[in-house]
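Peer 1: Please see the structure below; I have some questions.
The values are calculated or read from the model by the stated rules, or taken from the named source; none is laboratory data. Source: prediction; values computed, not measured. Positions of Cβ are backbone-derived with ideal geometry, glycine not excepted, and every protein chain shown enters the neighbour counts. Surface accessibility is based on the protein's heavy atoms, side chains included, excluding ligands, DNA and RNA. Shrake-Rupley method; radii C 1.70, N 1.55, O 1.52, S 1.80 Å.
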Amino acid sequence: MGQFDGQPSVRWSLRGLNEEGDETWLIRGIARKLYHCPGCHGNIDVGDEHTIVQYVRRLGGTDHHHWHRRCAEELLIPELGNLRRIPASESSQSRLEARGRVKSGRRRN
Ligand SMILES: [Zn+2]
């Protein structure tokens with residue numbers, strides 16, 4: 001297994017672009033309540049390690065969903081372009097929400 005196995009971790013988040021050109025951030029999370037995975041419609045139980053998928057929209061705004069790690073890896077990651085690893089410290093929700101207040105053309109990397 002290499003350093004980058006396609007999954008977000010404590011240290012690293014992932015960022016790619018979906019087909020609409022929205023930034024798609026994948027962040028490791030621990031469920032604090034019951035979630036339903038959009039990939040398989042199954043439950044993510046409290047305490048489960050999972051993947052938070054946060055979109056930073058090209059035209060501004062953010063929203064997020066909670067996915068099983070495997071579902072995100074199998075269904076979501078293959079659809080993303082320009083995928084790269086970003087230090088997890090740069091993917092806090094408040095940072096991404098601030099990023100969503102700027103249109104993509106004026107965003108910095
Ligand atoms: Zn799932």
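Peer 1: What are the pairs, 6+ residues apart or on separate chains, where a residue within the stretch 63-84 that is under 16 Å from TYR35 (Cβ atoms) has its Cβ under 9 Å from a residue that is more than 10 Å from the ligand (Cβ to nearest atom) and among the small types (Gly, Ala, Ser)?
Peer 2: Cβ pairs passing all conditions: ASP63/GLY100; HIS66/GLY29; HIS66/ALA31; LEU76/GLY16.
Peer 1: Continuing with the same structure: Among the strands (runs of 3 or more DSSP E) lying completely within the chain, list those that include at least 1 residues that are of a type in the set (Lys, Arg) and within 16 Å of the ligand (Cβ to nearest atom).
Peer 2: Where strands (runs of 3 or more DSSP E) fall fully within the chain and carry at least 1 residues being of a type in the set (Lys, Arg) and within 16 Å of the ligand (Cβ to nearest atom), they are 23-30.
Peer 1: Looking for whichever is open to solvent by 50 Å² or more (accessible area, probe 1.4 Å) and of a type outside the set (Asp, Glu) here; the options are GLN54, GLN93. Which one fits?
Peer 2: GLN93 is the lone residue from the list that is open to solvent by 50 Å² or more (accessible area, probe 1.4 Å) and of a type outside the set (Asp, Glu).
Peer 1: For the condition more than 16 Å from SER13 (Cα to Cα) and of a type in the set (Lys, Arg), what is the one hit in ARG85, ARG106?
Peer 2: After applying the criteria, what remains is ARG106.
Peer 1: Give just the number: which of (1) without any contact (Cβ under 8 Å) to a residue 24 or more places away in the chain; (2) within 15 Å of the chain's Cα centre (by Cα) does LYS33 not satisfy?
Peer 2: LYS33 satisfies every listed condition except (2).
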